[in-house]
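Participant: Let me give you the structure first, and then I'll get to my questions.
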Amino acid sequence: DEIFEFLYNISVGLERLLKIAVVLIEHKDDSDQEALEKSLITHNHLELMKRVREQCTLNLGPPHNEFLALLGTFYTSLRYDRFTLSSVYDPDREKTALLGFLRKHLKVHLDQSSGFFATQNDTRYRKYIRGIVTKISGALFEVVRNKASELNLYTYELRHGSRAETIFLGEADLPAEEVLWKELLVFFMNTKYSSGHLDFLRSIEPLAFDPALAGD
């Protein structure tokens, strides 16, 4: 279920980003608008990327194309498996696809068994996938930003401090952000200093969590 959630959200996100790039590149005032709209009714990530590459140079390699192919396959067929009778016999196809991708490119052994204990989401797996996703999304954002600037549009504007800014303009060092939140929590718990913000935080009545569950 966790793999399904990840693949679903990332496939939708990159598909929308691809379609924004395609519209900015292909739209012309004198072109057939209905034909363009109909051509966007697709979940084929590779085909959308091909349309972008016909007019823009993107520095993407085989792993990025294979990941897009994986997303396209997932979104057009694998995500429906749990709603068909055939899923009784092969319920983990999206898991098989993702683990196969990681095995191939990281040269690691990943157990395919569906036992009680799931495969641990190791830091190197997250780091590799994060690199793949940020490379693709960053390249597409550059296309969007350049074309939008050329057309005097503001499609490329990002809210300051947003996750989009982290992905498109930063290094997307999300684990470091998670550590920062922990460090801030420890600071707020231990600081004896006083300020308007700190006094406000101390004035908020906390929820009645069970102290015995602090470790969890």
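The values are calculated or read from the model by the stated rules, or taken from the named source; none is laboratory data. Being a predicted model, the structure only gives us computed values, none of them experimental. Here the Cβ is made from the backbone with ideal geometry for all residues, glycine too, and neighbour counts use every protein chain on show. Note: areas computed on protein heavy atoms with side chains; ligands, DNA, RNA excluded. Shrake-Rupley method; radii C 1.70, N 1.55, O 1.52, S 1.80 Å.
Participant: Please state which one of Phe188, Phe141, Phe209, Phe200 is within 21 Å of Leu68 (Cβ to Cβ) and either over 25 Å from the mean Cα position of the chain (by Cα) or aromatic (Phe, Trp, Tyr) (or both).
Facilitator: Within the list Phe188, Phe141, Phe209, Phe200, the selection yields Phe141.
Participant: Do we find that Val23 is open to solvent by 50 Å² or more (accessible area, probe 1.4 Å), aliphatic (A, V, I, L, M) and part of a helix (DSSP H, G or I) in this structure?
Facilitator: yes
Participant: Given the condition out of contact with any Cys (no Cβ under 8 Å at 6 or more places or on another chain), aromatic (Phe, Trp, Tyr) and over 27 Å from Leu7 (Cα atoms), answer yes or no: does some residue in segment 127-137 qualify?
Facilitator: no
Participant: Out of segment 49-74, which residues are part of a loop (DSSP other than H, G, I, E, B), open to solvent by 30 Å² or more (accessible area, probe 1.4 Å) and in contact (Cβ under 8 Å) with a residue 40 or more places away in the chain?
Facilitator: Cys56, Asn59
Participant: Which of (1) hydrophobic (A, V, I, L, M, F, W, C); (2) touching a Gly at 6+ places or on another chain (Cβ under 7 Å); (3) at pLDDT 90 or above is the odd one out, the single condition Phe168 does not satisfy?
Facilitator: All conditions pass for Phe168, except number (3).
Participant: While we're looking at this one, here's another question. Among what's in segment 75-91 and is of a type outside the set (Phe, Trp, Tyr) and open to solvent by 50 Å² or more (accessible area, probe 1.4 Å), pick the residue that is modelled with the highest pLDDT.
Facilitator: Per the criteria, the residue is Thr76.
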